[in-house]
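One structure is given below, encoded as structure tokens.
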Amino acid sequence: MSTIKRDKGLDNTLKAMKEGYLYTTNQRKRLGAENIFETRGLGGKRILVLSGKKAAETFYDNDRIERSGTLPKRIVNTLFGKGAIHTTTGKKHIDRKALFMSLMTEGNLKYLRELTRNHWYMNTHRMEQMGRVNIYRESIVLLTKVGTKWAGVQAPESKIEEIATDMDIMIDSFKGLGSKFKGYRESVKARHRVEDWLEDQIIQTRKGKIHPPEGTALYEFAHWEDYKGNPMDSRLCAIDLMNTFRPLIAINRFVSFGLHAMNEHPISREKINNEEDYAYMFSQEVRRFYPFVPFLPGKAKTDFNFDGHDIDKDTFLLLDVYGTMHRDDVFENANEFRPERFIDWDGSPFDLIPQGGGDYYTNHRCAGEWMTIIIMEETMKYFAGKVSYDVPEQDLSIDLNSIPGYIKSGFIIENVRENIDRK
């Protein structure tokens with residue numbers, strides 16, 4: 001039995017944060033470790049990093065891997081919330097995941113598409129008047145409007161900017177891994193503000209004082225009962241309610257990356273406008289190519305063998321998400337941006353994993369992944385065909401050493417004008 005190669009060091013957390021999305025790929029290459037290597041992190045904890053399609057298949061095998069208790073407390077306290085569905089396992093997870101998936105009806109997804117399309121169109125005049133538009137910032141505000149409206153949440157126009165800012169602070173909480181920083185405290189405060197606001201709406205809905213439409217997230221979560229017939233605690237209900245539309249707001253990162261890709265590959269604009277399904281393929285390639293989630297944690301539920309190595313029960317594991325999607329043995333010429341690769345893609349749940357892998361109903365794959373694709377399709381169609389704009393000189397580099405990853409300038413456009421055929 002061969003020995004698992006190891007990245008030496010008592011605690012490599014800071015090293016991993018410094019190298020960001022490239023840490024796992026760099027270490028695999030340096031160690032000559034194709035699919036697995038050992039490191040230390042999070043206070044010296046022994047961690048096995050698994051990479052590749054077979055690693056994803058293993059990681060999303062519920063008989064081998066569990067996720068409960070593996071997320072860093074800082075991330076739970078800021079990004080997901082205490083007791084959120086992301087922290088559950090077994091029957092409890094499947095029961096609550098079914099609630100999330102019940103929102104993925106044909107009508108709800110169609111409505112989301114219409115909301116996205118209409119909100120971008122209605123935002124045209126605003127962007128025309130702005131001069132320069134930071135797409136990163138503009139899209140987080142717009143997607144906050146879309147997400148809260150879709151969820152049935154009452155969000156007055158005067159509160160949108162505040163909610164958008166708080167959501168962005170929470171999503172940035174990855175920066176707190178392994179260190180004490182002022183931003184962590186700000187993230188916790190931001191989460192508490194949004195939780196308070198949503199919990200009040202849960203309580204008011206249950207009292208019959210506000211009336212969200214049936215089928216919306218607010219209505220369904222407020223009236224839901226678990227498999228024992230118990231309603232969800234109002235605070236926990238607010239946390240999971242937020243988790244129905246917080247991921248939609250995080251799509252602002254994909255939006256800015258999408259415009260970056262369109263700018264780097266101008267032919268894609270024409271193809272999005274003229275080729276059926278190209279907006280879908282383009283959106284999938286943006287999700288694959290650009291940095292979103294670097295890795296995901298888990299723990300061995302039992303003893304098992306992976307890639308010829310015995311892994312003991314309770315061993316802490318990381319799935320190499322970004323690195324897996326940039327391996328040539330998973331996607332041919334993986335470091336090239338090529339939407340056409342999805343023409344004949346088989347839809348595997350274990351290679352395109354920017355928002356998790358496996359089955360939607362029983363695994364931790366993001367229930368909102370379909371929604372991400374819908375929002376990206378409509379947004380890319382809007383910027384490819386409904387408006388024209390100029391891209392001024394700016395720093396368009398992407399810092400893969402930062403988690404989350406960003407375009408340094410946020411992607412700025414100017415001179416936005418509506419495309420109108422006046423012939």
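The values are calculated or read from the model by the stated rules, or taken from the named source; none is laboratory data. Remember, it's a predicted structure, so these values are computed and weren't measured experimentally. Cβ atoms come from the backbone with ideal geometry, glycine included; neighbour counts cover every protein chain shown.
Data overview
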| item | result |
| --- | --- |
| Where a residue in the stretch 277-296 is within 15 Å of Arg253 (Cβ to Cβ) and in a helix (DSSP H, G or I) and its partner, wherever it lies, is of a type in the set (Gly, Ala, Ser) and at pLDDT 95 or above, with Cβ under 6 Å and at least six apart | Val286/Gly258; Val286/Ala261 |
| Only listed residue being surrounded by fewer than 17 Cβ atoms within 10 Å (Cβ to Cβ) and part of a strand (DSSP E or B), chosen from Ser388, Ser348 | Ser388 |
| Hey, Leu259 under 30 Å from Val387 (Cβ atoms), modelled with pLDDT of 95 or more and hydrophobic (A, V, I, L, M, F, W, C) or not | yes |
| Elements of type helices (runs of 4 or more DSSP H) contained in the stretch 165-256, each with 2 or more residues being over 30 Å from Arg117 (Cβ atoms) and modelled with pLDDT of 90 or more | 182-206, 234-250 |
| Yes/no for Asn134 being polar (S, T, N, Q), buried (at least 16 other Cβ atoms within 10 Å of the Cβ) and in contact with a Gly (Cβ under 6 Å, 6 or more places away or on another chain) | yes |
| Any helices (runs of 4 or more DSSP H) falling wholly within the stretch 1-118 and containing at least 2 residues that are modelled with pLDDT under 95 | 13-19, 90-101 |
| Close pairs (7 angstrom Cβ cut-off, 6 or more residues apart or separate chains): touching a residue at least 40 places away in the same chain (Cβ under 8 Å) and under 17 Å from Thr324 (Cβ atoms) in the stretch 57-71, small (Gly, Ala, Ser) and part of a loop (DSSP other than H, G, I, E, B) anywhere | Tyr60/Gly357; Tyr60/Gly358 |
| Meets criteria (modelled with pLDDT of 95 or more, within 19 Å of Tyr278 (Cα to Cα) and either over 24 Å from the mean Cα position of the chain (by Cα) or crowded, with 22+ Cβ neighbours inside 10 Å (or both)) for Met380 | yes |
| Residue, surrounded by the most Cβ atoms within 10 Å (Cβ to Cβ), within the stretch 285-309, restricted to residues that are over 25 Å from Ile373 (Cβ atoms) and among the aromatic types (Phe, Trp, Tyr) | Phe306 |
| Every pair of residues 6+ apart whose Cβ atoms lie under 6 Å, when the first sits in the stretch 305-327 and is in a loop (DSSP other than H, G, I, E, B) while the second is surrounded by fewer than 23 Cβ atoms within 10 Å (Cβ to Cβ) and at pLDDT below 95 | none |
| Hits in the stretch 1-26 - residues which are among the polar types (S, T, N, Q), surrounded by 17 or more Cβ atoms within 10 Å (Cβ to Cβ) and out of contact with any strand residue (DSSP E or B) (no Cβ under 6 Å at 6 or more places or on another chain) | Thr25 |
| Residues being within 24 Å of Pro72 (Cα to Cα) and surrounded by fewer than 17 Cβ atoms within 10 Å (Cβ to Cβ) - total across the stretch 27-41 | 0 |
| Selection from the stretch 395-421 of residues that are more than 21 Å from Met170 (Cβ to Cβ) and small (Gly, Ala, Ser) | Ser397, Ser409 |
